[in-house]
Amino acid sequence: MPDQPPRLKVWVTPEEREMLNHYRDAKKCASKQAFDTPTAATREAIQKMMRSREKAPPLRVYECPVCGKFHLTKRFAPPKHE
């Protein structure tokens, strides 16, 4: 295996780190289906689970701290947002 160059360390301020984390979270959020109400999200979760032919893990509804809307997840615990 060839030697790889050392990784560069980039130093950022806490404010820049927060901005980068928010950008990362907003990008993740934008790629997900969002619902205005928990009822609409729950209805969609039930429909998706009923359409699933395989034994899929149950879907859970959570309120997104980035956009304030509701998303679906297969995770048992709420997603972590910093």
Would you calculate a helix-derived [θ] at 222 nm for the chain, using -39,500 (n - 2.57) for each DSSP H run of n ≥ 4 and dividing by the full residue count, to the nearest 500?
-12500 deg cm²/dmol
Which aspartates and glutamates does LYS27 reach when only Cα atoms under 20 Å apart count, and residues fewer than 8 places away in its own chain are ignored?
GLU15, GLU16, GLU18, ASP36, GLU63, GLU82
Find which of PRO58, ALA41, MET19 sits farthest along the positive direction of the dipole of the chain, computed with +1 on the beta-carbon of Lys and Arg, -1 on that of Asp and Glu, about the Cα centre.
PRO58
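For the chain, what does the convex hull of the Cα positions come to per residue, in cubic angstrom? Write out the running numbers ahead of the final one.
On the way: hull volume 12.9 nm³, N = 82.
Enclosed volume per residue, from the Cα hull, is 158 Å³.
Read-outs throughout are calculated quantities, based only on the coordinates presented, and are distinct from any laboratory measurement. What you are looking at is a predicted structure, and each value in this text was computed from that prediction instead of being measured. Heads up, the Cβs are rebuilt from the backbone with ideal geometry, glycines too, and the neighbour counts pull from every protein chain shown.
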